[in-house]
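*Asks:* Below you'll find the structure I mean.
Coordinate-derived values only; no laboratory data. All values reported here derive from a predicted model rather than from experimental measurement. Neighbour counts run over all protein chains shown; Cβ positions are idealised from the backbone, glycine included.
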Amino acid sequence: MKKTISFALALLIALSSSVFTLYSCTEKPNAVEGNNHEVKKYEEDSIYYERSLVSDGLETVDYGGRPFRVVALYPDEIFIEDEERNKGDLLKDTTFSVTDTVEKRFNTNVEIVYTGDYIEVRDYIAKTVLAGSDEFDLVMSHLLETGNIVEKGLFLNWYDIENVDFSKPWWYKSNSEELTYDGKCILAVSHLNHSAITETFCLMFNKSLAQAYELGNLYDVVLRGDWTYDYFLELVADVYKDNGNDKRDDGDFYGMTQLGSNAIMTWIYAFENPICKKNEEGVPKISLKSDKIDTIVNRIYDLCYNTNGVWCDFTQGSRKFDACKLFYNEKAIFTHNILGAVLTEDLRNFEDDYGILPFPKYDETQKEYKTMSSEWQTVLAIPKTCKDTEFVGTIVEALSAENWKTWTPTIYEIALKTRYLRDNESKEVLDILIENTVYDFGYVYHFGFSNFLSEMILLNKNSFQSYYSSKKGMANYGLKQTIKAFDKLK
């Protein structure tokens with residue numbers, strides 16, 4: 001087991017144990033007289049100004065130094081050590097400031113009680129909660145692996161948590177739409193989940209190469225709604241140059257490089273064919289077998305196997321970005337990537353200008369561009385061992401609000417838009433990407449088809465009907481078990 005806790009915090013807990021015992025599930029701390037939370041003031045032209053005017057609606061409460069205990073796959077989404085700040089990393093400094101603001105306002109201390117790899121974190125959560133041990137207040141863990149253990153009945157219903165308000169802008173709208181069933185939501189996403197932005201899939205393109213190949217103004221195509229799969233394929237299908245060894249490999253030049261594994265699922269959401277949709281009664285049902293699913297599967301199969309101008313990374317493992325390396329080395333015009341790549345040395349040191357585009361629509365009748373975030377995004381959950389949901393709800397809401405007000409504008413306006421992106425059109429398209437990220441009940445709760453297209457492509461299969469027939473029984477069983485987990489909640 002991997003635990004991280006500072007010596008100072010351990011000493012504080014030891015010296016203050018008598019204070020912490022005051023906060024049982026039947027006793028409530030007093031509100032600070034006059035609700036003296038000081039709202040930060042910004043100039044009207046500041047990127048933070050408008051958001052700073054939005055109240056979180058929370059009463060300021062003194063929790064007497066009580067720890068807010070978190071299991072985190074990525075600790076730096078919520079906690080930055082004091083010695084790590086002021087070293088030129090704007091995002092780390094902002095995370096520190098956000099958490100520090102909430103800690104001081106409510107007199108609490110954020111504590112990372114456990115971290116590890118995604119399997120270790122998943123297993124620790126399940127083992128601890130099933131044992132009935134009250135060791136943490138909040139889970140911030142791997143999207144799919146957390147979805148995998150929902151049916152064990154480990155978590156509470158977010159709608160039962162005091163002071164949490166999904167109508168507020170710091171909560172993603174999917175919480176109250178796709179991820180809610182029968183008035184219940186088990187896994188949620190807020191702006192406390194920094195990886196919701198950094199793990200969002202997009203298309204990147206080399207502007208100099210696009211100009212050399214006379215591809216025109218791609219932003220205009222996107223913004224007028226004409227960025228369809230057929231349009232995109234025509235641009236990349238025949239762009240190929242051999243490096244002289246008379247075989248296709250990663251030393252050649254391509255129109256596009258396609259990420260493998262989980263990333264291939266992006267096309268399913270780009271083409272608006274989710275795994276689940278709710279029926280008229282509001283019950284999630286598997287909807288994958290649509291009128292266009294065979295076309296979608298064959299399109300992406302052909303893109304990866306039969307398109308001369310596309311290099312597909314067939315390496316297993318969803319954190320492999322070998323396909324992007326060709327792009328970074330100027331051996332491709334387009335690449336499938338995540339938005340967080342703009343924060344890496346690869347793109348900060350990229351000599352050419354690059355732009356960001358959404359994935360193309362299925363056809364011209366599709367109204368909006370869609371994308372997804374990778375499985376490596378974190379989600380939020382509250383363990384059923386939680387003894388003070390009012391405290392936890394207050395701190396989660398405050399952290400989510402403060403991140404929306406401060407951290408999100410910092411990465412979105414400064415890091416993604418100004419500091420690293422190099423054109424104004426990319427900023428407008430970036431708005432489209434973030435606003436249209438899809439959180440599918442069938443993907444998040446992970447009961448059988450969450451990686452189906454990736455599996456088919458990597459196994460060199462393109463018969464959806466055959467694949468579906470072999471998996472539907474297991475998927476329907478998984479869906480039923482997930483629904484049962486919802487039904488067991490009050």
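*Asks:* Taking amide H positions as placed 1.01 Å from N in the peptide plane, with prolines and chain starts having none, which residues 5 or more places from Tyr63, or on another chain, fall under 5 Å of its amide H?
*Replies:* Under 5 Å from the amide H of Tyr63: Asn107.
*Asks:* Moving on to the next point. Can you give me the P(r) profile for the chain? Cα pairs, bins 20 angstrom wide beginning at 0, each as a whole percent.
*Replies:* P(r) for the chain, in whole percents per bin: 22, 54, 22, 2.
*Asks:* Through the Karplus equation 6.51 cos²θ - 1.76 cosθ + 1.60, θ set to phi - 60°, convert the phi angles of region 47-57 into ³J(HN,Hα) values in whole Hz; use x for Gly and Pro.
*Replies:* 5, 9, 4, 4, 5, 5, 7, 8, 7, 7, x
*Asks:* Per 5 Å bin, what is the whole-percent P(r) computed from every C-alpha pair distance within region 342-490?
*Replies:* 2, 7, 10, 12, 15, 15, 14, 11, 9, 4, 1, 0
*Asks:* Same structure again: How far, in nm, would the chain grow between Asp226 and Lys278 when pulled straight, counting 0.36 nm per residue and subtracting the alpha carbon separation?
*Replies:* Working: separation 52, 0.36 × 52 = 18.72 nm, distance 2.92 nm.
Taking Asp226 through Lys278 to full extension adds about 15.8 nm, to one decimal.
*Asks:* Across 5 Å bins from the origin, how do the percents of Cα pairs in region 77-234 run, short distances first?
*Replies:* Reading upward from the zero bin: 1, 6, 11, 14, 15, 14, 11, 9, 8, 6, 3, 1, 0.
*Asks:* Suppose a student asked you for the relative contact order of the chain, using Cα pairs under 8 Å spaced at least 6 residues apart; what percent would you report? Mind dumping the intermediate values first?
*Replies:* Working: 857 pairs, mean separation 114.3, N = 490.
Computed over the chain, the figure is 23 percent.
*Asks:* Continuing with the same structure: Determine the percent antiparallel among the DSSP beta bridges restricted to region 195-339, to the nearest 5.
*Replies:* Details: 10 of 16 bridges.
Among the beta bridges of region 195-339, antiparallel pairing accounts for roughly 60 percent.
*Asks:* Taking a ≥ b ≥ c as the square roots of the eigenvalues of the Cα gyration tensor of region 126-184, is the shape rounded (a/c under 1.5), prolate (a/b larger than b/c) or oblate?
*Replies:* Numbers: a/c = 1.96, a/b = 1.61, b/c = 1.22.
Cα axes put region 126-184 in the prolate bin.
*Asks:* Contour minus end-to-end for Ser176 and Lys484, with contour as 0.36 nm per residue of separation and end-to-end as the Cα-Cα distance?
*Replies:* Going from the current span to full extension adds 109.0 nm.
*Asks:* Among DSSP bridges having both ends in the chain, what percentage is antiparallel? Round to the nearest 5.
*Replies:* Numbers: 24 of 42 bridges.
Bridges in the chain are about 55 percent antiparallel.
*Asks:* Let me ask you something else. Can you put Asp431, Asp62 in order of Cβ neighbours within 10 angstrom, beginning with the fewest? Present the calculation step by step, with values, prior to reporting the outcome.
*Replies:* Details: Asp431 11, Asp62 15.
Least to most surrounded, the residues fall as Asp431, Asp62.
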